[in-house]
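Asks: Got a structure for you, written out below as structure tokens; questions coming shortly.
The values are calculated or read from the model by the stated rules, or taken from the named source; none is laboratory data. Please read all numbers here as calculations on a predicted model, not as lab measurements. Glycine gets a Cβ as well: all are built from the backbone with ideal geometry, and neighbour counts include every protein chain shown. When the accessible area is computed, the model is the full protein with side chains, heavy atoms only, and any ligands, DNA or RNA have been set aside. Shrake-Rupley method; radii C 1.70, N 1.55, O 1.52, S 1.80 Å.
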Amino acid sequence: MDLDSFLTVIFSEFQVLLCISVISCFLHYSHREKEFQRASEQAGERLCGQIRWQLLFQKLWPCMTFTAWCNSHLRKAGTQIENIEEDFRNGLKLMLLLEVISGERLPKPDKGKMRFHKIANVNKALDYISSKGVKLVSIGAEEIVDGNLKMTLGMIWTIILRFAIQDISVEETSAKEGLLLWCQRKTAPYRNVNVQNFHISWKDGLALCALIHRHRPDLIDYSKLRKDDPIGNLNTAFEVAEKYLDIPKMLDAEDIVNTPKPDEKAIMTYVSCFYHAFAGAEQAETAANRICKVLAVNQENERLMEEYEKLASELLEWIRRTIPWLENRVAEQTMRAMQQKLEDFRDYRRVHKPPRVQEKCQLEINFNTLQTKLRLSNRPAFMPSEGKMVSDIANAWKGLEQVEKGYEEWLLTEIRRLERLDHLAEKFKQKCSLHESWTAGKEHLLSQKDYETASLMEIRALMRKHEAFESDLAAHQDRVEQIAAIAQELNELDYHDAASVNTRCQGICDQWDNLGTLTQKRRDALERVEKLWETIDQLYLEFAKRAAPFNNWMDGAMEDLQDMFIVHSIEEIQSLITAHDQYKATLPEADKERIAIMGIQNEITKIAQTYGIKLVGVNPYTVLSPQDITNKWEAVKQLVPLRDQMLQEEVARQQANERLRRSFAAQANIIGPWIQTKMEVISIMRGMMNVQEPATIDDGSVSGIIRHSLLQHVRVGWEQLLTTIARTINEVENQILTRDAKGISQEQLNEFRASFNHFDRKRNGMMDPDDFRACLISMGYDLGEVEFARIMTLVDPNNTGVVTFQAFIDFMTRETAETDTAEQVMASFKILASDKPYITVEELRRELPPEQAEYCISRMTKYIGPEVALGALDYISFSSALYGESDL
């Protein structure tokens, strides 16, 4: 009989359901889908529209899906079924299927081929299903043996529900809801995927591809999938699942797309295979995540320990290198060199020290944070290397600041000494230059014998000129004495270039003695010939006599007006102003003298004009001319207002300095108590958190302390205030860290703090044992003497007789929070090791990220035991060592 005749006989209005079953069997037997579709359409036309092909194929879905599902399990036993309606009739493969999916042994089947043998075998299978708490409604062994497709499919669906779907539970939902919720969570991040049911939500294939990509992104490139290609998406999911996930193809892509509402049972059956395929991987992933979390904590703690040791070593090494530099008291010989030392010290204060201050503060914060993290993760406390404790660093820092203070005071003293020396040296050079300029050529002039060939008038002129020179020489005697006095002071102050000063001073003194000798010799010579001279021009002589001292006075005045000065107070500048005012009071008399001197020259000119005398040459008795006197007088008058301006500017500068000093002193007197007040506030805050308050700065009187010392005190106080604030913030952060790490809510932490404050009757941040007992009773603890004694050993291990706030918080967090334990880590490793008491290197590298895997491999010891695989490692001792319960 051909296929067309076969369908014609079968399809009738009274045998529709039987037709579906027979066609299903024929489909699985022949696997000729296109011929089946054509035949179905022809049969559908013969039924006059009663049965459409699409409806018919939709009813065949459970048959196709359930057959594939059964074969996915039966293949494990080396067999499979071809026709779901026929192959379960004798009960043998049905019992085998139940054994495979349950892992249990069923009663021995009957070997006979009679009907009662088959019924007995099917009953054994149905009895086993009922023993698992499954109610089989209207399903009997006779219907299965007779090949009732509807009853057979119902039985297979019951088995699928019990053994493939019932165990699926997410957040205490039912099996179906749990599977749906699992699918929704896994596909939530993916575009164009919205799983709401087990029929139309899966038609475009994107949901299945998203499930695979979520767990195995290496198998599917989700970004290349298109919503308008559902058949391609579905076939991709089916092929990948069958090839890589060992999930057989249970559905047909074209059937799903062409059916308005795909069969829910078929979709659920297929999707449940994905759940079971990925469930083991998720369990291993959870275990791996727990291990990674614990290892990350351990690695972070080790990193903080290494960072602390490194920072402490670097800071101590920097202090060790810096102290000898600050202890160096070798004075430089020049102001420039000492100024460079001062600039280097200021650079140290501005640039090099501030980062170290921050490092010191950060070091203390890191140490406290590390200890808190170790305590929260049940690790033993960190003990730094010898000499690197926080107290060691604090002592080294204190020594550094003491040396620093002494170095600064020495620098300022040396700079003032060199400033004085430089001033004297410059003054010495100026006076020497003026003197040498005046004596230049004088020895030559005094050694000349020009009087031997001179005329009478010239002789007289030379005599008068020499007298004028003697007057000038006497006037310069005071300057020579000043030069010698300055040279002596430079020697006493240990001037670095004292040798050149002494040489120059000795040269000036020797020259001065020689000038005196030569002057006396020339006077003697002129006096011998003085009797030869009878006439002298009184006016020229008088001019020379009066002009010379006046000129000398003007030289002295210019020297005084141009003299440099260094003052440090208003009193010193006022003394200079007084002296300058006295000098200005002499100017009218000097002007009269100048007018008188100029009057002599006017008289000479008048006589010459009156008597027609032709004046040739200059005054023979002096080198000074009226123009010299006039020019020098104008220069003196110009220097007077300049000197006034300089003195007034210095007055203004000293007044500004005085105001700054007073303002500085006032501000310092204000900031000192302010800092002390803030330190007391912080002390109270830290006392509430049982944090030791650092020593306060010395609050001495500021007005009597010199400027740099006061600045030092203010700066140190400010740094201590900032450090104290940073420590307080760190303590608060550690409490927040405790709260977050232990899973303690803010409300719980507030409740703990309120309870502690209520029973802290002395308001000192501590409770005595009786108050602590009352506090625990108020919080619901039923305490006996033994239990309370045990708790006291936890909160007061040193028997101090008090319970601090930190100890109280630690106890309450241990009582109310859950933490990772060594046992939990061991259990996680056991999952990764497939229940073995050891784990291999390959398993670690497969299950953990590379960094954590290598961390474990480098620290785990070799496992010793019977029948151990190559490279087996002991994860039990490793887990214990993580929590300080043993040594690695």
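Asks: Dipole of the range 441-678, Cα-centred, from +1 at each Lys and Arg C-beta and -1 at each Asp and Glu C-beta, to the nearest 20 debye?
Replies: Values: 27 positive and 38 negative charges, 118 e Å.
The dipole of the range 441-678 has a size of about 560 debye.
Asks: Sequence-distant or interchain residues sharing an amide H contact under 5 Å with M766, placed H: which?
Replies: none
Asks: Could you derive backbone 3J(HN,Hα) for the range 850-863 from the dihedral phi with the Karplus parameters 6.51, -1.76 and 1.60 (θ = phi - 60°), listing whole Hz in sequence and x where the residue is Gly or Pro?
Replies: Result, ordered by residue: x, 5, 5, 4, 5, 4, 5, 4, 6, 10, 6, 8, 5, 7 Hz.
Asks: Compute the accessible area per residue over the range 300-420, keeping the other protein chains in place, probe 1.4 Å, unit Å². Write down the numbers at each step before the final one.
Replies: Working: 6500 Å² over 121 residues.
About 54 Å² of surface per residue is accessible.
Asks: Another question, if that's okay. Computed FRET efficiency, Cβ-Cβ of A474 and E309, R0 56 Å: what is it to the nearest 0.05? Don't skip to the answer; put the middle values down first.
Replies: Working: r = 81 Å, r/R0 = 1.45.
That gives a FRET efficiency of 0.10.
Asks: So if we plug the beta-carbon distance of D228 and L870 into 1/(1 + (r/R0)^6) with R0 = 51 Å, what FRET efficiency do we get, rounded to 0.05?
Replies: For D228 and L870, the calculated efficiency is 0.45.
Asks: Need the full-extension length gain, E589 to T630, defined as separation in residues times 0.36 nm minus the C-alpha distance. One decimal, nm.
Replies: Values: separation 41, 0.36 × 41 = 14.76 nm, distance 1.56 nm.
Additional length available on full extension: 13.2 nm.
Asks: Another one. Using a Cα-Cα cut-off of under 17 Å, which lysines could be cross-linked to K118, ignoring same-chain neighbours fewer than 8 residues away?
Replies: Qualifying lysines at Cα under 17 Å: K93, K108.
Asks: Apply the Karplus curve 6.51 cos²θ - 1.76 cosθ + 1.60, θ = phi - 60°, to the phi angles in the range 69-76 and return the couplings in whole Hz, x for Gly and Pro.
Replies: Values per residue, Gly and Pro as x: 5, 4, 5, 5, 8, 5, 4, 5 Hz.
Asks: Just check the range 822-882 against the gyration tensor rule for me: Cα atoms, a ≥ b ≥ c as the square roots of the eigenvalues, rounded for a/c under 1.5, and otherwise prolate or oblate depending on whether a/b exceeds b/c. Show your work: numbers first, answer last.
Replies: Values: a/c = 1.32, a/b = 1.11, b/c = 1.19.
Judged from the Cα gyration tensor, the range 822-882 comes out rounded (a/c under 1.5).
Asks: Another question about this same structure. In the range 57-277, carbon and sulfur make up what percent of the accessible area (probe 1.4 Å)?
Replies: Working: 4870 of 10170 Å².
Carbon with sulfur: 48 percent of the solvent-accessible area.
Asks: Now for a different question. For an R0 of 30 angstrom, estimate the FRET efficiency from the Cβ-Cβ distance between S391 and R329 and round to the nearest 0.05.
Replies: 0.50
Asks: Quick check: from the Cα gyration tensor, does the range 441-678 come out rounded (a/c under 1.5), prolate or oblate?
Replies: On the way: a/c = 4.89, a/b = 1.97, b/c = 2.49.
Here the range 441-678 falls in the oblate category.
Asks: Run the simple label-point estimate for D563 and E426 please: 7 Å along Cα→C-beta, distance reported in nm.
Replies: The two pseudo-label positions are separated by 1.6 nm.
Asks: Can you flag which of K132/K186; K592/K632; K442/K521 are past 19 Å Cα-Cα? Intermediate results must be reported in sequence, preceding the final value.
Replies: Numbers: K132/K186 30 Å; K592/K632 15 Å; K442/K521 14 Å.
In this structure, K132/K186 lie more than 19 Å apart at Cα.
Asks: Charges only on Cβ, +1 for Lys and Arg, -1 for Asp and Glu: so what's the dipole of the range 756-815 about the Cα centre, in debye to the nearest 20?
Replies: On the way: 6 positive and 10 negative charges, 42 e Å.
So the magnitude is around 200 debye.
Asks: Given H placed on each backbone N at 1.01 Å, which residues far from Y190 in sequence or on other chains put an amide H within less than 5 Å of it?
Replies: none
Asks: Hey, another quick one. Report the full-extension gain for the segment K76 to E409: residue separation times 0.36 nm, less the Cα-Cα distance, to one decimal in nm.
Replies: Working: separation 333, 0.36 × 333 = 119.88 nm, distance 9.18 nm.
That pair, K76 and E409, stretches by 110.7 nm at full extension.
Asks: Also: Give a residue-ordered list of calculated ³J(HN,Hα) values for the range 553-570 (Karplus: 6.51 cos²θ - 1.76 cosθ + 1.60, θ = phi - 60°; whole Hz; x for Gly, Pro).
Replies: For the range 553-570, the Karplus curve yields 4, 5, 4, x, 4, 5, 4, 5, 5, 9, 5, 6, 9, 10, 10, 10, 8, 5 Hz.
Asks: Taking all protein chains in place and a 1.4 Å probe, what share, in percent, of the accessible surface of the range 822-882 do carbon and sulfur account for? Don't skip to the answer; put the middle values down first.
Replies: Values: 1800 of 3210 Å².
On the range 822-882, the fraction of accessible area on carbon and sulfur atoms equals 56 percent.
Asks: Taking 0.36 nm per intervening residue step and subtracting the Cα-Cα distance, what contour gain separates A484 from L639 on full extension? Walk me through the intermediate numbers first.
Replies: Working: separation 155, 0.36 × 155 = 55.80 nm, distance 2.73 nm.
Taking A484 through L639 to full extension adds about 53.1 nm, to one decimal.
Asks: What residues of the range 827-871 lie in the reach of a label at E302, counting those whose backbone N is under 11 Å from a point 7 Å from the Cα along Cα→Cβ?
Replies: Backbone N within reach: 852-860.
Asks: OK, next. Students often forget the sequence filter, so: which lysines lie under 27 Å Cα-Cα from K678 once same-chain residues fewer than 8 apart are removed?
Replies: Hits, sequence-local ones excluded: K353, K360, K398, K405, K762.
Asks: Can you tell me the accessible area per residue over the range 109-251, all protein chains present, probe 1.4 angstrom, in square angstrom? Numbers along the way, then the final one.
Replies: Values: 7140 Å² over 143 residues.
Using a 1.4 Å probe on heavy atoms only, each residue of the range 109-251 averages 50 Å².
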